[in-house]
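First up is the structure itself, then whatever we jot down about it.
Read-outs: derived from the displayed coordinates by stated rules, not from any lab. All figures in this text were calculated on a predicted structure; none of them were measured in a lab. Methodologically, a virtual Cβ is constructed for each residue, glycine included, from the backbone with ideal geometry; neighbour enumeration extends over all protein chains shown.
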Amino acid sequence: HGPTTLWISLFGAVLCCAVMFLFLYIYVTYKKPEVNWGSSSQALYYVNAIDSALDLTTVDEHVKNFRPQCLVLTGAPMIRPALLDIAHSFTKNNGLCMCCEVYTGPRKLCVTEMNSGMATKQAWLTKNKRKAFYAAVAADSFRDGVKSLLQASGLGRIRPNTLVFGFKKNWRHSTAAQVENYMGIIHDAFDFEFGVIIVRISQGFDLSQVLQVQEELKRLEQERQALEATIKDSEFEEGNWGIRGFFRRATKLHITKTMPPKESSINTISSMHMGEFNQRLLEASTQFKKKQGKGTIDVWWLFDDGGLILLIPYILTLRKKWKDCKLRIFTGGKVTRLEEEKLKMASLLSKFRIKFADINIIGDINMKPSKER
């Protein structure tokens with residue numbers, strides 16, 4: 001009876017384990033608990049990223065390994081997509097790109113707003129296939145916030161070295177303090193040893209007004225659909241009771257309160273269209289997403305300031321969207337040595353394997369401007 005008892009015991013133990021797992025499977029299938037235990041791959045990615053960042057700190061820097069790592073002052077990335085696109089053109093698969101936003105105002109309110117929108121704005125970057133990070137700070141002023149970003153952004157060797165922002169289009173109508181702060185940001189970037197790229201397009205980058213109109217139209221459309229659903233589901237009875245009931249339901253949906261105030265800037269735009277100006281803004285916001293036609297990229301390398309002004313256009317010409325554009329170099333030189341200066345510059349560009357279409361030497365760059373108009 002001894003061996004038989006052992007086999008029966010083993011069979012019973014296996015059967016108990018099988019029944020236990022079966023009960024667990026049935027319970028989980030039936031209850032469907034919303035539990036996320038995490039995955040081992042997520043932990044592995046995190047550990048590998050930390051190890052790689054630490055390994056980079058032990059690698060000696062070399063000028064040939066320099067790559068533009070950009071801190072882009074887009075605000076919310078969906079507000080200035082064209083500015084992000086031009087920066088992404090030379091950082092994609094090549095360097096770091098950080099979209100930065102500065103919140104100014106009461107600290108508690110700013111921090112609450114900043115934290116609530118962090119995940120949404122990073123998700124927008126991922127959805128639009130932009131290899132960039134989103135970062136935000138709360139500060140007493142915009143310039144103070146940019147200072148904080150210039151000093152504290154990045155991790156180890158993965159740190160920005162180039163500040164990218166838009167040209168101040170409304171400088172003629174701005175106060176002296178606003179212009180001074182704008183210029184101060186440029187000086188701050190140089191003080192912290194950053195390269196500076198100022199991007200300008202005719203229509204400007206700010207789409208906040210367009211987005212505001214789109215949100216308003218979306219809200220009105222949702223309320224219109226809600227009203228239609230109410231009309232469809234309502235049972236109109238003869239007499240005043242049914243009509244009163246319908247209007248009570250419409251009031252609960254705020255259908256009668258959808259008109260914006262007269263002072264709103266939205267009233268300046270057609271209810272059917274966003275207006276010609278906003279349409280031009282939208283078209284301008286996508287110009288760097290399109291393939292650029294044949295043309296030239298003019299590089300005004302007037303002073304030897306490190307070569308960033310030449311590196312960025314060169315990287316652009318390596319991209320698929322910009323491959324039909326040729327570099328045309330403008331640089332300073334002496335009037336008596338124009339050909340010699342031109343050969344010298346051509347030799348320098350060839351040394352760095354930078355293809356160019358033409359070189360123009362400006363001989364009178366150091367001459368004072370004439371008093372004659």
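For the range 63-199, what proportion of DSSP beta bridges, expressed in % and rounded to the nearest 5, is antiparallel? Each step should come with its number before you reach the end.
Values: 1 of 19 bridges.
So the antiparallel bridges amount to about 5 percent of the total.
Per-residue extension of 0.36 nm, minus the Cα-Cα distance of Gln212 and Lys344, leaves a gain of 42.2 nm for this segment. By its C-alpha gyration tensor, with a ≥ b ≥ c as the square roots of the eigenvalues, how is the range 112-169 shaped: rounded for a/c under 1.5, else prolate for a/b larger than b/c, else oblate? In terms of gyration-tensor shape, rounded. Past the 18 Å Cα-Cα mark, which pairs from Lys129/Lys323; Lys92/Lys131; Lys291/Lys320; Lys334/Lys368? Where the Cα-Cα span goes over 18 Å, the pairs concerned are Lys129/Lys323.
The alpha carbon centroids of the range 32-86 and the range 153-223 are separated by 22 Å.
Restricting attention to the range 284-373, which GluC sites (Glu not before Pro) occupy a DSSP loop and are surrounded by at most 12 other Cβ atoms within 10 Å?
Hits after loop and neighbour filter: Glu372.
Check each of the GluC sites (Glu not before Pro) in the range 108-213 and keep only those in coil by DSSP with at most 10 other C-beta atoms within 10 angstrom; list them in order. All intermediate terms of the calculation are to be shown ahead of the outcome.
On the way: sites: Glu113, Glu180, Glu193; in loops: Glu193.
Sites meeting the loop and neighbour criteria: Glu193.
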